[in-house]
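Q: I am attaching a structure below and will ask some questions about it afterwards.
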Amino acid sequence: MFSGKTEELIRRLRRSQIAGQNVEIFKPKLDTRYDAVQVVSHDKNAIPSMPVAHSRDILLNIHEFDVVGVDEAQFFDDQLPDVCDALANQGIRVIVAGLDMDFSGKPFGPIPALLARAEFVTKVHAICMSCGDLAVYSYRKKESDELVLLGESEEYVPLCRSCYREARVTKEPEKS
(Lines give C-alpha, C1' and ligand atoms only; values in the text may rest on other atoms or scores of the structure.)
Protein backbone atom coordinates (compact mmCIF):
# COMPACT_ATOMS: atom_id res chain seq x y z
CA MET A 1 0.00 0.00 0.00
CA PHE A 2 0.97 3.63 -0.53
CA SER A 3 3.50 2.73 -3.23
CA GLY A 4 1.79 4.47 -6.15
CA LYS A 5 0.30 1.41 -7.89
CA THR A 6 -3.01 3.07 -8.71
CA GLU A 7 -1.28 6.34 -9.56
CA GLU A 8 0.91 4.49 -12.07
CA LEU A 9 -2.09 2.65 -13.51
CA ILE A 10 -3.95 5.95 -14.01
CA ARG A 11 -0.85 7.51 -15.59
CA ARG A 12 -0.47 4.67 -18.09
CA LEU A 13 -4.16 4.66 -19.00
CA ARG A 14 -4.22 8.43 -19.49
CA ARG A 15 -1.21 8.19 -21.82
CA SER A 16 -3.12 5.61 -23.86
CA GLN A 17 -6.12 7.94 -24.02
CA ILE A 18 -3.89 10.82 -25.17
CA ALA A 19 -2.62 8.50 -27.92
CA GLY A 20 -6.21 8.07 -29.10
CA GLN A 21 -6.63 4.52 -27.87
CA ASN A 22 -9.94 3.24 -26.52
CA VAL A 23 -9.45 2.55 -22.82
CA GLU A 24 -11.61 0.90 -20.16
CA ILE A 25 -10.74 0.33 -16.52
CA PHE A 26 -12.31 -2.14 -14.13
CA LYS A 27 -12.27 -2.35 -10.38
CA PRO A 28 -13.81 -4.78 -7.89
CA LYS A 29 -17.26 -3.72 -6.69
CA LEU A 30 -16.20 -4.14 -3.08
CA ASP A 31 -13.61 -1.36 -3.37
CA THR A 32 -15.61 1.71 -2.38
CA ARG A 33 -12.98 3.48 -0.25
CA TYR A 34 -12.74 6.71 -2.23
CA ASP A 35 -15.53 6.31 -4.77
CA ALA A 36 -18.01 3.63 -5.79
CA VAL A 37 -17.33 4.06 -9.51
CA GLN A 38 -14.05 5.88 -10.12
CA VAL A 39 -10.59 4.47 -9.52
CA VAL A 40 -8.97 6.99 -7.16
CA SER A 41 -5.36 7.12 -6.00
CA HIS A 42 -4.28 8.14 -2.50
CA ASP A 43 -3.29 11.48 -4.12
CA LYS A 44 -6.95 11.88 -5.21
CA ASN A 45 -6.24 11.47 -8.94
CA ALA A 46 -9.21 9.69 -10.49
CA ILE A 47 -10.33 8.00 -13.66
CA PRO A 48 -13.79 6.64 -14.50
CA SER A 49 -14.09 2.88 -14.15
CA MET A 50 -16.58 0.07 -14.26
CA PRO A 51 -17.01 -1.78 -10.96
CA VAL A 52 -17.57 -5.53 -11.43
CA ALA A 53 -18.36 -8.32 -8.98
CA HIS A 54 -16.42 -11.10 -10.73
CA SER A 55 -13.51 -11.12 -13.13
CA ARG A 56 -15.60 -12.87 -15.82
CA ASP A 57 -17.80 -9.73 -15.85
CA ILE A 58 -14.87 -7.91 -17.45
CA LEU A 59 -15.24 -10.06 -20.57
CA LEU A 60 -18.95 -9.27 -20.71
CA ASN A 61 -18.19 -5.55 -20.84
CA ILE A 62 -15.47 -5.41 -23.48
CA HIS A 63 -16.37 -3.41 -26.59
CA GLU A 64 -13.68 -2.38 -29.07
CA PHE A 65 -11.07 -1.48 -26.47
CA ASP A 66 -7.35 -1.21 -27.18
CA VAL A 67 -6.29 -1.06 -23.53
CA VAL A 68 -7.92 -2.51 -20.42
CA GLY A 69 -6.87 -1.56 -16.90
CA VAL A 70 -7.64 -3.53 -13.76
CA ASP A 71 -7.17 -1.94 -10.33
CA GLU A 72 -7.02 -3.71 -6.95
CA ALA A 73 -6.53 -7.04 -8.72
CA GLN A 74 -5.86 -8.84 -5.43
CA PHE A 75 -9.58 -8.54 -4.61
CA PHE A 76 -10.67 -10.42 -7.73
CA ASP A 77 -11.30 -14.16 -7.98
CA ASP A 78 -8.83 -16.73 -9.32
CA GLN A 79 -10.31 -16.46 -12.84
CA LEU A 80 -8.67 -13.06 -13.38
CA PRO A 81 -5.48 -14.48 -14.95
CA ASP A 82 -7.59 -16.40 -17.52
CA VAL A 83 -9.62 -13.26 -18.22
CA CYS A 84 -6.43 -11.24 -18.76
CA ASP A 85 -5.08 -13.96 -21.06
CA ALA A 86 -8.31 -13.93 -23.08
CA LEU A 87 -8.05 -10.15 -23.48
CA ALA A 88 -4.36 -10.29 -24.43
CA ASN A 89 -5.09 -13.05 -26.94
CA GLN A 90 -7.55 -10.62 -28.61
CA GLY A 91 -4.73 -8.10 -29.00
CA ILE A 92 -5.85 -5.93 -26.09
CA ARG A 93 -3.12 -4.47 -23.89
CA VAL A 94 -3.89 -5.30 -20.27
CA ILE A 95 -2.49 -3.26 -17.39
CA VAL A 96 -3.10 -4.62 -13.89
CA ALA A 97 -2.37 -3.06 -10.50
CA GLY A 98 -2.59 -4.86 -7.19
CA LEU A 99 -0.89 -5.90 -3.99
CA ASP A 100 1.30 -8.98 -4.30
CA MET A 101 1.13 -9.82 -0.57
CA ASP A 102 -1.62 -9.66 2.03
CA PHE A 103 -1.20 -8.19 5.53
CA SER A 104 0.40 -11.43 6.75
CA GLY A 105 3.07 -11.40 4.04
CA LYS A 106 1.51 -14.22 2.00
CA PRO A 107 0.80 -14.12 -1.78
CA PHE A 108 -2.50 -12.34 -2.35
CA GLY A 109 -5.35 -13.71 -4.47
CA PRO A 110 -4.74 -14.09 -8.21
CA ILE A 111 -1.58 -11.94 -8.19
CA PRO A 112 0.99 -14.81 -8.24
CA ALA A 113 -0.67 -16.33 -11.33
CA LEU A 114 -0.83 -12.89 -12.98
CA LEU A 115 2.85 -12.29 -12.29
CA ALA A 116 3.76 -15.66 -13.80
CA ARG A 117 1.85 -14.89 -17.03
CA ALA A 118 2.77 -11.22 -17.44
CA GLU A 119 5.11 -10.11 -20.20
CA PHE A 120 6.22 -7.13 -18.11
CA VAL A 121 6.16 -6.52 -14.34
CA THR A 122 6.82 -3.21 -12.62
CA LYS A 123 7.06 -3.48 -8.86
CA VAL A 124 6.68 -0.18 -7.05
CA HIS A 125 7.55 0.29 -3.40
CA ALA A 126 6.32 2.52 -0.64
CA ILE A 127 8.67 4.01 1.94
CA CYS A 128 8.86 2.34 5.35
CA MET A 129 7.03 4.56 7.81
CA SER A 130 9.35 3.39 10.58
CA CYS A 131 12.89 3.66 9.18
CA GLY A 132 12.65 5.18 5.67
CA ASP A 133 13.87 2.16 3.69
CA LEU A 134 11.89 0.66 0.83
CA ALA A 135 8.70 -0.90 2.16
CA VAL A 136 7.48 -4.21 0.75
CA TYR A 137 4.91 -5.11 3.42
CA SER A 138 1.51 -3.72 4.32
CA TYR A 139 1.37 -4.00 8.09
CA ARG A 140 -2.14 -4.12 9.52
CA LYS A 141 -2.37 -2.11 12.71
CA LYS A 142 -5.80 -3.40 13.72
CA GLU A 143 -6.45 -6.93 14.99
CA SER A 144 -8.56 -8.89 12.54
CA ASP A 145 -8.42 -12.31 10.96
CA GLU A 146 -10.32 -11.09 7.89
CA LEU A 147 -8.24 -11.36 4.72
CA VAL A 148 -9.91 -8.30 3.20
CA LEU A 149 -10.19 -5.28 5.45
CA LEU A 150 -10.56 -2.15 3.35
CA GLY A 151 -8.71 0.77 4.76
CA GLU A 152 -6.00 3.34 4.56
CA SER A 153 -3.40 4.75 6.93
CA GLU A 154 -5.59 4.21 9.99
CA GLU A 155 -5.57 0.43 9.32
CA TYR A 156 -2.31 -0.14 7.43
CA VAL A 157 1.22 1.17 7.35
CA PRO A 158 3.96 0.33 4.83
CA LEU A 159 7.02 -1.27 6.43
CA CYS A 160 10.34 -2.73 5.26
CA ARG A 161 11.14 -6.37 6.01
CA SER A 162 13.04 -5.62 9.22
CA CYS A 163 10.45 -3.26 10.68
CA TYR A 164 7.61 -5.58 9.61
CA ARG A 165 9.20 -8.52 11.42
CA GLU A 166 9.79 -6.40 14.51
CA ALA A 167 6.22 -5.11 14.50
CA ARG A 168 4.81 -8.63 14.19
CA VAL A 169 6.89 -9.84 17.13
CA THR A 170 5.95 -6.95 19.40
CA LYS A 171 2.32 -6.53 18.32
CA GLU A 172 -0.14 -6.54 21.16
CA PRO A 173 -3.86 -6.92 20.52
CA GLU A 174 -5.51 -3.54 20.10
CA LYS A 175 -8.24 -2.75 22.60
CA SER A 176 -11.54 -1.63 21.12
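Q: Is it the case that the range 110-120 has a residue that's over 16 Å from the mean Cα position of the chain (by Cα), part of a helix (DSSP H, G or I) and assigned by TED's automatic domain parsing to the domain that holds Pro28?
A: yes
Q: Another question, then. Exactly one of these conditions fails for Asp133: (1) among the acidic types (Asp, Glu); (2) surrounded by 15 or more Cβ atoms within 10 Å (Cβ to Cβ); (3) modelled with pLDDT of 95 or more. Give me its number.
A: The single condition Asp133 does not satisfy is (2).
Q: Additional query: Going through Glu64, Glu8 one at a time, which residue ends up being out of contact with any strand residue (DSSP E or B) (no Cβ under 8 Å at 6 or more places or on another chain) and over 27 Å from Leu159 (Cβ atoms)?
A: Numbers: Glu8 fails: over 27 Å from Leu159 (Cβ atoms).
Residue meeting the stated conditions: Glu64.
Q: Considering only the range 8-51, state which residues are modelled with pLDDT of 85 or more, buried (at least 16 other Cβ atoms within 10 Å of the Cβ) and under 13 Å from the mean Cα position of the chain (by Cα).
A: Residues satisfying the conditions are Leu9, Ile10, Ile25, Phe26, Lys27, Pro28.
Q: Between a first residue in the range 77-89 that is farther than 14 Å from Ala116 by Cβ and a second residue that is part of a helix (DSSP H, G or I), which pairs have beta carbons less than 8 Å apart while being 6 or more apart in sequence or on different chains?
A: That search, which allows pairs on different chains as well, returns Gln79/Arg56; Val83/Arg56; Val83/Ile58; Val83/Leu59; Ala86/Leu59; Leu87/Ile58; Leu87/Leu59.
Q: Quick one: how many residues across the range 95-109 are of a type in the set (Gly, Ala, Ser) and either part of a helix (DSSP H, G or I) or buried (at least 18 other Cβ atoms within 10 Å of the Cβ) (or both)?
A: Keep residues of the range 95-109 that are of a type in the set (Gly, Ala, Ser), which gives 97-98, 104-105, 109.
Narrowing further to those that are either part of a helix (DSSP H, G or I) or buried (at least 18 other Cβ atoms within 10 Å of the Cβ) (or both): 97-98, 109.
Number of matching residues: 3.
Q: Related question: Do the conditions hold for Ser138, that is, is it at pLDDT below 95, among the hydroxyl-bearing types (Ser, Thr, Tyr) and under 19 Å from the mean Cα position of the chain (by Cα)? Lay out the reasoning, then the answer.
A: Numbers: at pLDDT below 95: yes; among the hydroxyl-bearing types (Ser, Thr, Tyr): yes; under 19 Å from the mean Cα position of the chain (by Cα): yes.
Spelling it out, Ser138 is indeed at pLDDT below 95, among the hydroxyl-bearing types (Ser, Thr, Tyr) and under 19 Å from the mean Cα position of the chain (by Cα).
Q: From (1) over 30 Å from Val67 (Cα atoms); (2) hydrophobic (A, V, I, L, M, F, W, C); (3) in a loop (DSSP other than H, G, I, E, B); (4) modelled with pLDDT of 95 or more, pick out the condition that doesn't hold for Cys163.
A: Condition not satisfied by Cys163: (3).
Q: Further, regarding this structure: Which of the residues belonging to the range 110-122 are farther than 20 Å from Gln17 by Cβ and either of a type in the set (Val, Ile, Thr) or buried (at least 19 other Cβ atoms within 10 Å of the Cβ) (or both)?
A: Within the range 110-122, Pro110, Ile111, Leu114, Val121 qualify.
The values are calculated or read from the model by the stated rules, or taken from the named source; none is laboratory data. Since this is a predicted model, take the numbers as computed values, not measurements. Cβ: placed from backbone, ideal geometry, glycine included. Neighbour counts: every protein chain shown.
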